[in-house]
Every structure is written in C-alpha cells, then in structure tokens.
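Inspection log for the structure reproduced underneath, given as structure tokens.
The values are calculated or read from the model by the stated rules, or taken from the named source; none is laboratory data. The model shown is predicted, which means the values in this text are computed figures rather than measured ones. Cβ: placed from backbone, ideal geometry, glycine included. Neighbour counts: every protein chain shown. Side chains included, ligands, DNA and RNA excluded: accessible areas come from the protein's heavy atoms. Shrake-Rupley method; radii C 1.70, N 1.55, O 1.52, S 1.80 Å.
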Amino acid sequence: MSPFAEVQLITARELRKSFRSVKGIVLAAMSLAGGAGVAMLFAWVDRAQHENMPQGIDPHVAREAFFTWKYGDETGKRLAECPYSLWMMLMGTLWLAPLLVALLDFDAVSGDLQYRSVRFWTVRVRRSSYMLGKYLGAWFSVLAVTFGMNVVVWGATAAVGDSPLGTVLGWGIRFFAVSIPIGAAWCGIATLVGSQAKSPMLSLLFICGVFFGLWMLHIVADFSQAEWVGYLYPNSYDGLLLSAKAADLAKGLLGPALIAGLTVAAATAIFERRDV
C-alpha cells in the first residue's frame, strides 16, 4: 500500500471515530447548539449597537476606530465594513479552537497506546503514515465542528442582522479561512504532546498544560514587547491573516505552517523510535 493510501486510511478511521463515538456526537451537538445561541446573541449585539449609538456618533466611524486600533489603519478600515457579529464569531472560534483540539485529539494516539491497538496498525502501515493520519483526522474533525458553528452564525446574522446574504457569506468564509491554518498549528502541538502519554487522561492533562503555558507565554510577550515570543502562540497570527498585504498574509500562513510541520515531524520522529 502506498503512503498516501495509508494516510487516507488512518484519516478516514479517525474521522469516523470522532463523529460516531458518544464523545464526538455529544461534542458536535453541544458545539452546534452553543453556536446557535451565540449566533443570536452576536446578531442582537450588532443590532443594538446600531440602534443605541449616541446621537452624533456614526456607528461606522466608531467601528473603524476600534478595528484600526486593533489591526492598524489599512486592515482596520477594511474590517469596518464587516458585520460585527461575524468578527466576534472569529474571535470566539480562535478561543474555542484549543479546547476543541484538546477534546477531540487527546485520545487519538494515547488511546491506541493504552489498549495496545497501535500494534495492529504499525505492522500494516508505516509509522509516519499512522502519525500523519492521526494529525489530519484531528484537524479535519476540528474544522468540521467549527465550520458547522460558523454556518449557524452566518444564517442567524443574515436573518436577524442588517447585512445582505452575499456580504455575510463573503465575510463569513473569509473569517473561517483564518481559523484553518491556526487550527492546524493547534492540532500539531496536540499531536506532539498527546502522543507522549500512554493514558488518555494524562494526554489531556499534558495538552491542556502546554496550551495554557503557550497562552501565558503570549501574555508575557505582550508585556515585554518581545513580539517574536508571541508568535509561538498560534492565535497570534489572526492579524496577519486578516491583512490585505501579501507579505503579511504570507507571514500569517508561514507561521502556523511551521508550527504544524515541525510539531508533526517531531511527533513522527519520536514515534518511529518508540517501543510500542
């Protein structure tokens, strides 16, 4: 069997396991239900901002000032045209991504190690194919859940908000695209950390501990103005990925790609030499 076919086999198995297991079904249902509630809340906040804005203040100018403060002049002016609820959903997606990754990926390798089912696969597929398939299965599972949540928000924003459907879909897809490389980086870190434990519970604790440590590192980088340290935290790349400048966009894609590539390569190299 070719390496591509092996990776495809493991990835398909992981996707089936994610959405056929009780854990996966409950998590997907909770995510979609939560997305529906959050969607209505975001749409209501967006409308309330327009209706309750003090006289003499243009809502568009106020929004442009906020986005300019957060992302800079060029990106801020462009984002001022977006439905605010969709940007809020992007922020929610980025904050939820580590949690979704941890819950969907913590037992991907550690579960096989605990029950020794990993031996069934390592004599039938290459170890590198096994690890890459585990990573892709986790990444695609996270993307499927977050996409479902975003679709619910898009529908609620179009139904309750003032923006036409075309505008909602255009910005919604653009914002969802930002979460794709960032989710890849989180999944790479989880694959490396989680595969070091032989118990799913320990794997979950390790992943959550590392994720929290990266968040703290990001906070320290903000206070110390050590920008390069902050780039170890995947969510730091949202501003670059939202930029209209090709150079910034390239940096925003390169950073998460390096994190994902290096972590998966390290996990594979360790697994190749591991006694399972």
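Quick check on the stretch 214-276: what does the Kirkwood estimate of hydrodynamic radius come out to from the alpha carbon pairs, in Å?
The Cα-based Kirkwood calculation yields 13.2 Å.
Is there a pair in K70/K251; K77/K251; K17/K70; K70/K134 whose C-alpha atoms are over 28 Å apart, and which pairs would that be?
Among K70/K251; K77/K251; K17/K70; K70/K134, the Cα-Cα distance tops 28 Å for K17/K70; K70/K134.
Let me understand the stretch 81-229 better: what is its radius of gyration from the alpha carbons, and its Dmax, in angstrom?
Over the stretch 81-229's Cα set, Rg and Dmax evaluate to 18.3, 58 Å.
Among all the aspartates and glutamates, which ones have a C-alpha under 19 Å from K198's C-alpha, if same-chain residues fewer than 8 places away are not counted?
Hits, sequence-local ones excluded: E14, D105, D107, D112, E272, D275.
Between A177 and L99, what's the calculated FRET efficiency when r is the beta-carbon distance and R0 is 22 Å? Round to 0.05.
Result of the calculation: an efficiency of 0.60.
Please list 3J(HN,Hα) in residue order for the stretch 193-205, calculated via the Karplus relation 6.51 cos²θ - 1.76 cosθ + 1.60 where θ = phi - 60°; whole Hz, with x for glycine and proline.
6, x, 6, 7, 9, 9, 10, x, 5, 5, 4, 4, 5
For D222, D105, D162, write out the residues from largest to smallest accessible area, computed with a 1.4 angstrom probe and no ligands counted.
From most exposed to least exposed: D162, D222, D105.
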